[in-house]
Every structure is written in C-alpha cells, then in structure tokens.
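*Asks:* Below are the structure tokens for one structure; questions will follow.
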Amino acid sequence: MPRTAAAHPPASPSPPSSLPRAADPDRRRTSASVVLRSVLEHGPVARSTIARLTGLSPASVTDYCARFARLGLIREAAAPRQSKGVGRPHVPVDLDDSRFVMGSVHVAVPYTTVALLDLRGRVVAERRLRHTGTVEPARVLARAADELAALLAGAPGCRALSAGVAVGGWVDRDSGTVVAHPLLGWRDVPVRDVVGAHTGLPVHVDGHARALVNAERLFGRARGSGSVLHLFVGNVVDAAFATHDEVHHGPRSQAGAIAHLPVPGGTEACACGRTGCLQAELSERTLCRRAREAGVTDGVNPMHVVAAAADGDLAAVRLLVDRARRVGRAVGLLLDVLNPETVVVTEIGVLHRADCLAALRDEVGAERAAAVVPTSFGDSVLAVAGGAVALDVLYRDPLGASPERN
Ligand SMILES: [Zn+2]
C-alpha cells in the first residue's frame, strides 16, 4: 500500500521537546507519555539513552518499554551482536508501526476525507468522498464510517486502535460534539457518539486547526517548538495555539474562532451581516468566485486555480499571491497577540507556490518571516487531521489509550 511520508525532521540528540517531566501530578501517565514520545522522536533508540534524555530511571524506562512492547506499540530494533537476554538496556527500541492504525475522518465543506494513519502519523490509505446534495450530518458520518471499514478491510494485518474526527467551526472536544459549523449547517451534532456507534471504535473529536497543531508537534516541523500557532485557511478560517505541548481550548473549546476578525479594506459580505470578515475575505469560495470573475476557471475547485497558475495564467498567479498577502496580514496580527515561536499555515497557495510563501512572509516582515512555515503534510494535510486527534490521545496517555489496558 502506498505510504505518503510526512515531513520528518532529523532526530536531534536533544531531550524530547518541551515535554512535561515526571514530577508532574499525574506521574505515571506523564512518564509513559514521555517514554513513548522519546521512542517516536529518537527511535531506534537505546533504553539507556531514553533514560538519559528523559531523566527517568533506567529501571522505569525498561518497565514502560516492556509494557509498550506487550501492547504492540514498540519493538526491539536489530540488536548488537553480542547482546543476550531480555530487557537489555542498550538494545535499541523503535515504534512498531506495522500493527495498529488510526482511523481518520475530516469533514470539509465540499468533501469528507477518510484515511488510515500509522503510529508515525503517516497516511497508509486515503479516500475522498465528495458531498453530493445534502450534507445532513447522519448521512455524511455514516458514509465516512462505511468508508473507514472498507479501508480497514483493504489493510489486512492492521488493526484500528481508535478513530479521530476533525472538523472546522466550533467543536467541543470534551463532549465530542460539533457545536456549530454554519457553512455545513451543522448544529450540536454528537459526532463522537454517531461515529462510535457505526465503527465500534473509541472516537475522539476536535477542531481541525487544533488537530493539526498536534500533528505538527508530534510529527511535523513544530516538533521541539515551545509554542506553535496554526492558521487554517480553507473555506473555514480558524486558528489554534499550543504552548509547551498544551493546545489552548478555552471554555467549551471556543478558542481560535477568528472567522469574523475584521480585515482592513475588506469588501466581501459575510453571513454574519458585516463586511470584510477574515473568513469571508479568505475562503476558498471567495477565491474561486474571484477566479471565475477573472476568467481563470469556471468551477468551484480551488486546485484548478493552482493548476492554472502552474500553467502560467498570470491572473491566477495574482489571485493566489494576493490571497497569500492577506493571509500574511492575518498572521501578522496573530503574531502580535500571541508571539509564538513557530507559525504553521495551511493554505493551498502557500503550500504549492514559492511566490505565495514569499508574499506571506513579506507581509509578516523580515524579522519574523523565518518563523512562518507551510504545513508539514502537503496535500495529505486533511487526511492527517482526523487521525492526529486520536494519535494525540495515544501519545498523551499510551497505557490508558491502548486496547488491552484492562
Ligand atoms: Zn462575519
């Protein structure tokens, strides 16, 4: 099966990035998380090295590694020739990425992306389901669950540990509910319960900007960064912010709702009744409408605008660069407020064109431009988003989130 490699920065011999240390209140869960994250970031890595990197005792590291091995999360890598016996501290261990996958569902306005991710956050299989007619939640979610089952059936030997669902708009992680997604017309949709009932899997639900912050922390360019801002610019425009491994949710997970931030000089009418809201200005719908007006495309697929630009259509190039500049202005505002070490932007122009990234960085200003990077996951970003919700739960509490915990 084809695997799309996510961007994996080279492992550095530093301690796992900004991880909570073992002295925190929930010590057992934290220590387990620190050890598994160490294996993810540095594997294959000797248990003695993990002990040195994490500050945990060698005996404790060996114990956690034995439990993870029993659960099938890690395995011993090729041993040095002289080693004998079990639990040898200098024999390297690595993630076992052959046994478990995470189901991944991302619901966008025009389509749903369904995928399987391995424990390294890599896409093992992916399918896109275009929405036709109604986007009634029960129908969209049942179709996604059926497609997940089909992908799993096509991946013999892989067992799904859990599933993650990422959606734009206002998503309450604790209750697993999409509270409000005006563009889809969804309100108080119990996504966790619906997908759980269809799949029989534990299901975790979060907003897609937050999901992708976690993906960047665990598997992408923000690994090791003390604070990360993620700006998602699709049809939905929203943001998420994490410091020291903790993504800010706020009461009922309302943080990051920036759709109606006013853009100076904006001209687009917004559904909220005002003019020039960030989401109305930057949405892919607006990009496509402007592209139709400019004769670039006659459709509603923003990738056609990117393709036209790649074919040398200057009007398409102008539209994309102009959009990237506006995104840059929004990033500048958020940088002023939050001052993160790293800003990750998911936007198709910035993802596909150097001139768009340059325009965005130009707008942010030379001093801070280097902090701004495109998503680490390329065209697989939506396939990664849902599974990242479930992988974040696993890496935070590997023993609690694993199947044989009882
Ligand atoms: Zn508005």
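The values are calculated or read from the model by the stated rules, or taken from the named source; none is laboratory data. The shown structure was predicted, so the numbers you read here are calculated from the model rather than taken from an experiment. Cβ coordinates were reconstructed from backbone atoms using ideal geometry, including for glycine residues, and neighbour counts include every protein chain displayed. Accessible surface areas use protein heavy atoms only, side chains included; no ligands, DNA or RNA. Shrake-Rupley method; radii C 1.70, N 1.55, O 1.52, S 1.80 Å.
*Asks:* For the range 357-403, how many residues meet the condition of being part of a strand (DSSP E or B) and farther than 18 Å from L338 by Cα?
*Replies:* Final tally of qualifying residues: 1.
*Asks:* Kindly evaluate G328 against the criterion of being more than 16 Å from the ligand (Cβ to nearest atom) and either under 25 Å from the mean Cα position of the chain (by Cα) or modelled with pLDDT under 95 (or both).
*Replies:* yes
*Asks:* Can you find even one residue in the range 311-318 that is modelled with pLDDT under 95, surrounded by fewer than 15 Cβ atoms within 10 Å (Cβ to Cβ) and more than 16 Å from the ligand (Cβ to nearest atom)?
*Replies:* Pass one, the range 311-318, residues modelled with pLDDT under 95: none.
No, that holds for no residue.
*Asks:* For the range 228-268: of the residues being part of a strand (DSSP E or B) and within 16 Å of the ligand (Cβ to nearest atom), which is most open to solvent (accessible area, probe 1.4 Å)?
*Replies:* P262
*Asks:* From the list V178, V203, V165, which residue is touching a helix residue (DSSP H, G or I) at 6+ places or on another chain (Cβ under 6 Å) and over 25 Å from L95 (Cβ atoms)?
*Replies:* Among V178, V203, V165, only V178 is touching a helix residue (DSSP H, G or I) at 6+ places or on another chain (Cβ under 6 Å) and over 25 Å from L95 (Cβ atoms).
Here is a yes/no grid of residues against (1) outside any strand (DSSP E or B); (2) open to solvent by 20 Å² or more (accessible area, probe 1.4 Å); (3) modelled with pLDDT of 95 or more:
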| position | (1), (2), (3) |
| --- | --- |
| R37 | yes, no, yes |
| A79 | yes, yes, no |
| G85 | yes, yes, no |
| D97 | yes, yes, no |
| V101 | no, no, yes |
| S104 | no, no, yes |
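*Asks:* Here's something else I'd like to know. If you check every pair at least six apart or on different chains, which have Cβ atoms under 8 Å apart with a residue in the range 331-342 that is closer than 13 Å to L278 by Cβ first and a residue that is surrounded by 14 or more Cβ atoms within 10 Å (Cβ to Cβ) and acidic (D, E) second?
*Replies:* Qualifying pairs under 8 Å: V331/E363; G332/E363.
*Asks:* Here is a follow-up. Can you name the residue in the range 269-304 that is open to solvent by 80 Å² or more (accessible area, probe 1.4 Å) and in contact (Cβ under 8 Å) with a residue 40 or more places away in the chain and, of all such residues, is farthest from the ligand (Cβ to nearest atom)?
*Replies:* Among those that are open to solvent by 80 Å² or more (accessible area, probe 1.4 Å) and in contact (Cβ under 8 Å) with a residue 40 or more places away in the chain, it is V300.
*Asks:* Same structure again: So which pairs qualify, if the first residue must be in the range 53-65 and in contact (Cβ under 8 Å) with a residue 24 or more places away in the chain, the second must be acidic (D, E) and not in a helix (DSSP H, G or I), the Cβ gap must be under 9 Å, and the two must be at least 6 apart or on different chains?
*Replies:* Correct list of pairs: C65/E76.
*Asks:* Being within 21 Å of A222 (Cβ to Cβ) and modelled with pLDDT of 90 or more narrows it down to one of A291, A239, A255, so name that one.
*Replies:* So the residue among A291, A239, A255 that is within 21 Å of A222 (Cβ to Cβ) and modelled with pLDDT of 90 or more is A239.
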